[in-house]
Amino acid sequence: MALDAETEIWAHLSSTVFPVYLRNSLLLLVGVGAGTLMLGVVSGFLTALFEFPGRRWLEWMLMLPMAMPAYILAMVYLELLEYSGTLQSALRDFFSWKTPADYWFPEIASIGGAVLMLSLVLYPYVYLLSRNAFQQQSPVFTEAGRLLGDRTRYGLWKIALPMARPAVAVGVSLALMEALADFGTVQLFSVPTFTTGIYHIWFGTANAPAAAQLSLSLLGFVGLLIALERFSRRQQRFHGKASSLRRSERRPLPNRYVPLAQFFCLLPVFLGFFLPGWMLLHWSWQSFSSWNAGRFISDASNSLLLAGITSLLALAVAMLLNFGIRLPNRKMLKGASRLASLGYAFPGPVIALGVLMPLSWFDQHFNQWLNAEGQTGTYWLSGTIFVLIYAYLIRFLALAQGSVESGMASITPQIEDSGRMLGSPQGKVLRDLYLPMLRGSLWTGGLLVFVDVMKELPATLMLQPFNTSTLATRAFAYASEEMLKEAAPWCLAIVMTGLLPVIMLNRKLRSSAIPVDTSHRLMPVPPESQLQPA
């Protein structure tokens, strides 16, 4: 559709809105990249390699902002920091200020505010991956740095960070793709980007070719991010010898750095979870008397239904794909499996547009056939929840597929061969052998898909059927009408659901804890004659 469009459309976009979308998207990328890099890498470095008071609490609290969608964080800070909000109203009353000319206050509804909101909720991507990379680094390199007069700053910039670069790059890339795909935050803050442009051009002007061209431009940004990162490290090596692959031990942090480390790790947790969480609880209590329980139950039921069906379908497709590629002579299926998992890199508006067009085409032609037969047509696919589930499945299949694939990797192919030797059909092998052994991976993948569907906003806004709302769309509708306190119960339900994968991740990371190094020396390796087989 983009290629078949008239050239005047692209010329009009290039001379009007495209430069604005491009500038704001680049500023968003640079700001979110710098913010998530600083917050995630430094906090991961401190909690992975140093021991200080409160570290055990901070290492899991740093993951809590993952449960807070960026658009909910934007709602809270709009209510707190805008001109008529709680903080500025209190300042005017205290200092007897009358107009904005009497004082200066930073504008929260701006590109800077959007960068701050997205950085606070996306830095855990970088934190988790960098923390794991720091923990897995060999102590040989740390000891070499100590012999060279290592300081904390030197160890981070000269040794730990360069070796953790692949993990950090993956985390930052994920954060940047999420920032490009964000719709709710930039829409509430009135920052025009590619995602808001696709939405407004599609719904405001019904200009599908222009929306398709903007969608391709946005996909080009995503591909460029991945290509630039891989090109920058194409000839670099980040691994050591097998004999040195022992994990680092934590060493005590010098006392003069402890308050600074505690403050640095606690600040994003306070701003990204505890403060907005407390405000949501407070506003939910205030609006309890006018709370529409029937509407809330209806929206929650729709969200749970969509998330549950999508999770089950995603797990079923992921199981079939991963089981199929283990069979011999399935090279084409392996390529198709990798292609199917690329949907997670596509922003929600792009997927919504790409799904709606072919389904609308089918409904239109099918209704023409029905009219010729004397029957009345309707929205068979494009106006039902099928289109939502289909879009969710494309968007989040990679989460289920990655979880199932990691579980499959730990199962030896000999198990399947044993089942074949006993004459069991493929379906029985899958049901009786693989499913019990993949129970943990299935729960993990299903939960991740479930939570992301509950939080998904732009695709749901563009594809939801008439008279059908979810928790996310209802909360955004309230916020768009400046009824932020009324939106609090809906937002709180989404956040509580998002806590489930955070708790699950914390339990897994707890099992991989590393000891504290109190000797400041490498632990001696026993000679091979003293090593006993497991």
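None of the figures in this text is laboratory data; all of them are computed from the coordinates on show. Bear in mind that the values here come from a model prediction, so they are computed numbers and not experimental data. Please note: Cβ atoms are built from the backbone with ideal geometry, for glycine as well, and neighbour counts cover all protein chains shown.
General remarks:
- Two-site label geometry, Ser301 and Val20: point separation in nm, points 7 Å out along Cα→Cβ: 4.2
- Amide H partners (placed H, <5 Å) of Glu51, local residues excluded: Arg251, Leu253
- Per-pair calculated FRET efficiency, R0 = 41 Å: Asn367 and Phe94 via Cβ, rounded to 0.05: 0.05
- Cβ crowding within 10 Å ranks Tyr103, Tyr478 as Tyr103, Tyr478, fewest other Cβ atoms first.
- Modelled label positions at Trp380 and Asn255, each set 7 Å beyond Cα in the direction of Cβ, lie 7.8 nm from each other.
- q = 0.23 Å⁻¹: log10 I(q)/I(0) that the Debye formula gives for segment 303-415, counting C-alpha atoms only: -1.21
- A straight chain from Gln286 to Glu482 at 0.36 nm per residue would run longer than the Cα-Cα distance by 69.0 nm.
- FRET efficiency estimate (nearest 0.05) - Cβ-Cβ, Ala101 to Arg56, R0 60 angstrom: 0.75
- When the GluC sites (Glu not before Pro) in segment 1-104 are filtered for DSSP coil states and for at most 15 other beta-carbon atoms within 10 Å of their beta-carbon, the remaining sites are Glu6.
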